[in-house]
Amino acid sequence: MRALLMRTCLADHVAPGVAEAAKRVLERQGVEVTVPRAQTCCGQPGWTAGHPDQARQVARQALRAFAGADPVVVPSGSCAAMVTHAYHELFAGRPEEAAARDLAGRTFELTQFLRQNDLAPGPAHDAPASVTYHDSCHMLRLLGERDSPREIIAGAGVELREMADTDVCCGFGGAFSVTFPEVSGALGEQKARSAADTGAKELVACDLSCLMHIVGRGRRVGVPLRARHIADLLDG
Amino acid sequence: MAADPLTDRFIGALARRRATGEAVAGADCADACVAQLREWGAQRALVPDDLWLAELRVPETMAAAGFDVVMWPSDRGWRELLGLDHAPPTCAVTVPVRAVAERGTLVIASSPTHGRSLDAVGWWHLAVLADDRIDGTLAEALRATYPPGAAAASGVSLVSGPSRTSDVEKITTYGAHGALAEHVVVVRSSRSG
Amino acid sequence: MTIPVTYDDGPPLRARTQEAVADDQLRANLRSTAASWTAGREKMRAEFGFDEMRDRAREIRRDNIRRLPELLDRLEERVRANGGVVYRAADRDAATRYVLDLARARGARLVAKSKSMATEEIKLNEALEEAGLRVVETDLGEWILQLAGQRPSHIIAPAVHLNRTQVAELFRAESGEDLPDDREALVAYARRRLREDFAAADIGVSGVNLGVADTGTLCVMENEGNARLVTALPRIHVAVMGAERVVADWDEAAHILQLLPMAAIGDDASTYVNLVTGPRRDGETDGPEELHLVILDGGRTALRGTEFEEALHCIRCGACLYSCPMWRTVGGQAYGSPYSGPIGAVITPLLEGTSSPRGSELPFLSSLCGACHEACPVGIPLHDLLVRIRGAVSTPVHRRERRGARIWAAAWRRPLVYRAGVRLTRLGLRVLGRDGWITKLPGPAGRWTSQRDLPTRWPPTP
């Protein structure tokens, strides 16, 4: 089985280890992973901020970088959802429309891909005894994935302690985090406290953006949290 | 007399609406009404000039029991009917045209002898409902209220329980601008006999 | 008396949200409001088949908007046949002018109103008061806000942000009576006080939840009973209806009327649904002598056939507000628009223009989480509409941002430039980080660190 890995611009800039971990997780499951060098970003930051033409220019590069027939796996619910949910609208009526629809049909978030292919990675050697899981909004509502990440966590033998309101937004929201920082911070604080209240050793999610926001806010208001990306958790 | 399933469902649904109800034979209707007026502590009853209600002897039994019976239409002003200027505590009596079993809803319709706002002007709302007017669903009741081709009553209200508000601290309080409490006397017809 | 608060001149949206976030009382009220709505929604789904009703509701509204001109014509024809008067108002000014002219022509002095977002939208109260009429909001929550000189916070429950002690203070000031703090006494006082106005009002003004085209019937849904009295007692009833709020027949109306309270308040019925078909008939002894239906366009029909058409499907239940993490944090007043929450963030720019102060700001008060779409009983993809509207916003601020976006796109569509930027950022994080964290970023990036620390290592060291 072959797959292309979309690293995500966020991981590139602040946590390249997450993309590397995702690659290793897949390879250990026997997937031949290619990481296209020509990739940059899926274009979501521009799209959600209301700059569709600019987002399209960046997304076009993704169409080029991930051309072909192989599935594209991405360690981010929101980037996967951008491609699967928004690319057809972004490229509607344009020459790239067919390519965009094709890419949307073969792009998957990491745990989604693992579940679909009945792959069950074990835990990282330093995996915590217990975790709590945050349902990132795009993962939950646009990809409809509530169960896949949980099954993957259970399959890795890690105890899952559910927090209250796991499906309420953490408040990151892309540009929202800096356009309305106080509202964003208030939501992040609620999420950090909910996570801490479970007594789980670490917070886990499929989206780096949510994690950075929750953990960063938690630290600011005196609720320190250990956290890792789901790819890190499975990187045994 | 065999129980009527729609009647039972309707009375059961009234509980959800924070209203009460009972099913009685026609001969017992007037006494049931008087008993409810006493339980509420009403002094006046506002009663539509309805033929069926008269046949059931409701207004005359109420008068005989010492309640001040005011027939609708009345030439008393709105201030008195609304209970202002120290009017005696008033129970409004209605004769619904339909009812909805699944929701415990009454359909009140305006006519020359039935005010559209009768149940809302008094402190309490006492409805006298013929059991053959009870429909299962809202859709059925609305179709019966608005038959194609016929002129509709100008003022219809779907009444589901006493008036309520949760505008103060999201806690429900009754008797906002309409009735504080509602009781339905369902009169068994030959359908359930 | 309503103290006018003109949103356009008010503080910008960010400032209003900052104030709201810091208001502990407001936050507590909103938390309990959200919790009870969520519980009600769960009940409707588990016991009353809410989910099964949504597909049909979506189809009904889609069909209504497709056939809108035909349905409005039929509604108008039926209302006239029933003895009512219909006025199609192109915009807010036309709508208020019509009502003002009517009030003057009839020598009206007192107007009793039941809750109507459409009348908020056209600023009817201000117009009537400027013309010397007295306007009384009879919905308890709206009356409370009127006494407090504030705007409503929500479509269904206007005064959720005030508690009982605050309400008692307002009533004491209004009445000069020494009223206790308890809810029942406060409600009983309001009932007694407002009955004076029901009895004396010359004109009753209501909104319209749904117009039923087949019979020309106007549906006004409520729990308190004030709309009953407002539409039954005064000599003249003026109903203000948004042009999109029409269904074809009673089967459609039954479905939507059943779904509305389930979506809005987590109950399978609201206390009253008032169905008005023309003014009083010959022989009837209550009911208005005149019925005037004002159909407000105000930019609505222009949305048909556009990528924003689905916004017209809205039945104004308020569910999207209650489900929205943003609304749950700041409340409705912070939005500064008659329509708040996700639907407000969508239709305010659509109806007022994307360059107006609040039209240009509101679409960005959202993390695009999609809870609104999940909550909406007619399935409007509000989160998608918000992204589309953001693309259409055009203000000096947004144009500056657009220039930044162009630079971003020019860089990030080129892998070499992109990778150079990545190396620069990674270097910068290493340089600026202390013990794996940055607590203060320079320049515009400082907005991130105004609320959060930024980890420079991953996994982050706690």
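No lab work stands behind these numbers, since they all come straight from the coordinates. Since we're looking at a predicted model, the values are computed, not measured. Backbone-built Cβ (ideal geometry, glycine too); neighbour counts: all protein chains shown.
So here's what we get for this one:
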item	result
Rounded FRET efficiency, nearest 0.05, which uses the C-beta distance separating A:ASP126 from C:GLU47 and R0 of 60 Å	0.80
For a label point 7 Å along the Cα-to-beta-carbon line of C:LEU441, residues of the range C:400-422 with backbone N under 20 Å	C:400-413, C:418-422
Relative contact order [Cα under 8 Å, 6+ residues apart], the range C:415-462, whole percent	33 percent
Per DSSP, loop trypsin sites (Lys or Arg not before Pro) in the range C:371-458 with at most 11 further Cβ within 10 Å	none
Spin-label pair A:MET1/C:ASP178, simplified geometry with 7 Å Cα→Cβ offset, distance in nm	7.9 nm
FRET efficiency, C:SER32 to A:ASP118 (Cβ-Cβ, R0 60 Å, nearest 0.05)	0.85
Cα shape, the protein assembly as shown, gyration tensor, a/c 1.5 rule	prolate
Restricting the range C:193-277 to trypsin sites (Lys or Arg not before Pro) in coil, as DSSP defines it, with at most 16 other Cβ within 10 Å	C:ARG235
Peptide-level mean, for C:217-226, of C-beta atoms on other protein chains within 10 Å	6
Under the span-like rule (Cα at least 15 Å along the axis, Kyte-Doolittle mean at least 0.0), DSSP H helices of chain A	A:208-220
Contact order relative to length of chain A, as percent, for alpha carbon pairs under 8 angstrom and 6 or more apart	21 percent
Rg and Dmax of chain C, Cα atoms only, in Å	24.5, 87
Simple label model, 7 Å out from Cα along Cβ direction - C:ASP23 to B:ARG16, nm	3.5 nm
Any cysteine of chain C lacking a neighbouring Cys Cβ under 4.7 Å - listed by number	C:CYS219, C:CYS314, C:CYS317, C:CYS324, C:CYS376
The range C:365-379 - phi-based ³J(HN,Hα) in whole Hz, Karplus 6.51/-1.76/1.60, Gly and Pro as x	7, 6, 8, 6, 6, x, 5, 5, 4, 5, 7, 5, x, 10, x
DSSP beta bridge pairing in the protein assembly as shown, given as percent antiparallel to the nearest 5	25 percent
Amide H contacts of C:GLY353 (H built 1.01 Å from N, under 5 Å, at least 5 apart or other chain)	none
The protein assembly as shown, helix-only ellipticity at 222 nm - DSSP H runs n ≥ 4, -39,500 (n - 2.57), divided by all residues, nearest 500	-13000 deg cm²/dmol
Mean Cα-pair separation over length for the range C:171-279, i.e. relative contact order, pairs under 8 Å, 6 or more apart, %	29 percent
